[in-house]
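Presented below is the structure to which this report refers.
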Amino acid sequence: MLVLFETAAGYAIFKVLDESKLQQVDSLYKEFETPEKANKVVKLKHFEKFQDTTEALAAATALVEGKIGKSLKKVLKKVVAKEAHEQLAINDAKLGGVIKEKMDVSCVYSPAVAELMRCIRSQMESLITGLPPREISAMSLGLAHSLSRYKLKFSPDKVDTMIVQAISLLDDLDKELNNYIMRCREWYGWHFPELGKIITDNLAYCKSVRKIGDRTNVAGSDLSDVLPEEIEAEVKLAAEISMGTEVSEEDIGNIRHLCDQVIEISEYRAQLYDYLKNRMMAIAPNLTVMVGELVGARLISHAGSLLNLAKHPASTVQILGAEKALFRALKTRKDTPKYGLIYHASLVGQTTAKNKGKISRMLAAKAALAIRYDALGEDTNAEMGAENRAKLEARLRQLEEKGIRRISGTGKAMAKADKYQHKSEVRMYDPSGDSTIPSTSKKRKFEEVEEEEAEEPVTPAVKSKKPKKETPAEVEEEEAEAAADESSKKKKKKKKDKKAEAEPEEPQEEEVTVTESEKKKKKKKKKAKEEEDSED
């Protein structure tokens, strides 16, 4: 059996002297403990050294892709073709299939071969003669650097590091721009405060300030290329009656320099955004179609790379960026967040608050598929992303319309629901049957008693005095009853007994007053008769 062994310095072909020892895989390493023992198992038959790093790199890339390089083909023709009856042990099953197909050489790949390769690597310096250890390590390091550089150059469009840096810089620029514009408005506001209220756009404000300078120059300056005619007229009118303080030319110069900085940064930000947009369409076209370039770039930046993001499940993509809220909710045993960075996607933004959770879940599921397609797929078209976005938009319309679908049939037609019409008769509610208390209250009873007294032929003195005295007493009795309800049951009984005694006493008092008035009348009549008799 022959063994094909690849090194950074070149290809080596070994001859296995004792094939029986390969059957004992677990104890094979014992045969390679010393160089002497190793030479008894395998023997170097041929070593093909690489001429330079370029040749080594070409051979290494061919092996990675599972192809036969020029140098390997040369070795196989020179050595293996002479001994066609021998089997060739290799370290890669894919490469073995290619060798067998093109060179018609039977190849072997098994766990025993893998263990043999590991053992040969451990005694490589003693088995391969004429190759010092320092030279092998230098060649290995050089080949590793060249191979990594080649991989980067192989697909520069797929490097997502640029996206991570671009979106981070874009966020930093937004913060700096905001600070600069606030400082510019506040600074120039001391001189011309009315301008800030008239011009709301920040970039137009900075361009106007740079062009105007001192507010006394507004009348002679032309702002038509910066502002519309109406706003320009308003600015000129406000400059004449401005309440701002006077500033020196040096101050105006510094403010103008700050405005220049704001305008330059704004222009660079627009250029950076275009770059990010193009880069996102090249690296992750399907993700960009689904959630937009800014949200897609933030997701990639948060995960670290597109490949790391592809490893995340849809549930993680949905709440990516809301980790703090998630762990706080888990700690306090409350509802977990429904969305993270994906909330800023246009599909989630255009839904109502009630459906945001549903749409973010569906969008995360489709976005996870798009990310994996972009990271691991060979195509660079955005057809899958556009198709999934159309499905989500259709689902969104269905949720917004609250369509009730038919269960039977095709399920595509809308169920017909007749308009509801209220046909029941209007009936008034009768509250009299609710309570078991007699309908006539005590107040009504007392009023009826008063009416009866008014009908009787009683003197006006009795009429006027008695009811007036009785009414406050009745009110006091009712208050006493309310207080007695809140107090204990014993007090209630006492109060009731007192009331029972008081009620029969009232008519007795009325009878006494009536009899007294009759006696007075009789006495008056007697006196009148006596006077008449005396006159006669």
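Can you tell me which condition Leu22 does not meet? The list is (1) closer than 13 Å to Val3 by Cβ; (2) part of a strand (DSSP E or B), and all the others hold.
(2)
Go over the candidates Asp214, Asp225 one by one and state the one that is modelled with pLDDT under 90 and within 22 Å of Glu267 (Cα to Cα).
Sole residue among the options that is modelled with pLDDT under 90 and within 22 Å of Glu267 (Cα to Cα): Asp225.
Restrict the check to the stretch 216-228 and report whether at least one residue is part of a helix (DSSP H, G or I), among the polar types (S, T, N, Q), within 30 Å of Tyr273 (Cα to Cα) and open to solvent by less than 90 Å² (accessible area, probe 1.4 Å). It would help to see each step written out before you state the result.
Taking the stretch 216-228 as the starting set, the residues that turn out to be part of a helix (DSSP H, G or I) are 216-217.
If we keep only those that are among the polar types (S, T, N, Q) as well, we get 216-217.
Then keep just the ones that are within 30 Å of Tyr273 (Cα to Cα); that gives none.
Within the stretch 216-228 (the criterion being part of a helix (DSSP H, G or I), among the polar types (S, T, N, Q), within 30 Å of Tyr273 (Cα to Cα) and open to solvent by less than 90 Å² (accessible area, probe 1.4 Å)), the answer is no, since none of the residues qualifies.
Go through (1) in contact (Cβ under 8 Å) with a residue 40 or more places away in the chain; (2) open to solvent by 80 Å² or more (accessible area, probe 1.4 Å) one by one and return the number of the condition Lys324 breaks.
(1)
Please find, among Glu115, Glu125, the residue that is closer than 19 Å to Lys43 by Cβ, without any contact (Cβ under 8 Å) to a residue 40 or more places away in the chain and part of a helix (DSSP H, G or I).
Of the residues listed, the single one that is closer than 19 Å to Lys43 by Cβ, without any contact (Cβ under 8 Å) to a residue 40 or more places away in the chain and part of a helix (DSSP H, G or I) is Glu125.
Give the stretch 31-60 a look and list any residue that's under 58 Å from the mean Cα position of the chain (by Cα) and either more than 22 Å from Ser106 (Cα to Cα) or in a loop (DSSP other than H, G, I, E, B) (or both), or say none.
Initial filter on the stretch 31-60 (under 58 Å from the mean Cα position of the chain (by Cα)): 49-60.
Correct list: Lys49, Phe50, Gln51, Asp52, Thr53, Thr54, Glu55, Ala56, Leu57, Ala58, Ala60.
Which condition does Ile120 not pass, out of (1) closer than 24 Å to Leu22 by Cα; (2) of a type in the set (A, V, I, L, M, F, W, C); (3) at pLDDT 80 or above; (4) in contact with a Leu (Cβ under 6 Å, 6 or more places away or on another chain), if it passes all the others?
Against the list (1) closer than 24 Å to Leu22 by Cα; (2) of a type in the set (A, V, I, L, M, F, W, C); (3) at pLDDT 80 or above; (4) in contact with a Leu (Cβ under 6 Å, 6 or more places away or on another chain), Ile120 comes up short only on (4).
When the stretch 259-289 is examined, which residues are found to be out of contact with any Lys or Arg (no Cβ under 7 Å at 6 or more places or on another chain) and more than 30 Å from Asn381 (Cβ to Cβ)?
Gln261, Val262, Glu264, Ile265, Ser266, Glu267, Tyr268
Consider only pairs whose beta carbons are under 6 Å apart and that are at least six residues apart or on different chains; among these, list those whose first residue lies in the stretch 234-255 and is assigned to a loop (DSSP other than H, G, I, E, B) and whose second residue is at pLDDT 90 or above.
These pairs meet every condition: Ser242/Phe192; Ser242/Glu194; Gly244/His191; Gly244/Phe192; Gly244/Pro193; Thr245/Trp190; Val247/His191.
Within the stretch 275-296, restricting attention to residues that are free of Cβ contacts under 8 Å to residues at least 60 places away in the same chain and buried (at least 20 other Cβ atoms within 10 Å of the Cβ), which residue is nearest to Arg372 (Cα to Cα)?
This residue is Gly296.
Out of Val98, Val75, Val105, I need the residue that is part of a loop (DSSP other than H, G, I, E, B) and either surrounded by 15 or more Cβ atoms within 10 Å (Cβ to Cβ) or modelled with pLDDT of 80 or more (or both). Which one?
On the way: Val98 fails: part of a loop (DSSP other than H, G, I, E, B); Val75 fails: part of a loop (DSSP other than H, G, I, E, B).
On inspection, the qualifying residue turns out to be Val105.
Between Leu299, Leu272, which is open to solvent by less than 10 Å² (accessible area, probe 1.4 Å), assigned to a helix (DSSP H, G or I), closer than 21 Å to Lys175 by Cα and not acidic (Asp, Glu)?
Checking each option against the conditions leaves just Leu299.
Condition check: under 30 Å from Asn388 (Cα atoms), open to solvent by 40 Å² or more (accessible area, probe 1.4 Å), of a type outside the set (A, V, I, L, M) and at pLDDT below 95. Does Lys236 satisfy that?
No, not satisfied.
The values are calculated or read from the model by the stated rules, or taken from the named source; none is laboratory data. On a predicted model such as this, the values are computed, not experimentally measured, just so you know. Using ideal geometry, Cβ is built from the backbone for each residue, glycine included, and neighbour counts are taken over all protein chains shown. Quick note on the areas: whole protein, heavy atoms, side chains included, nothing else; ligands and nucleic acids left out. Shrake-Rupley method; radii C 1.70, N 1.55, O 1.52, S 1.80 Å.
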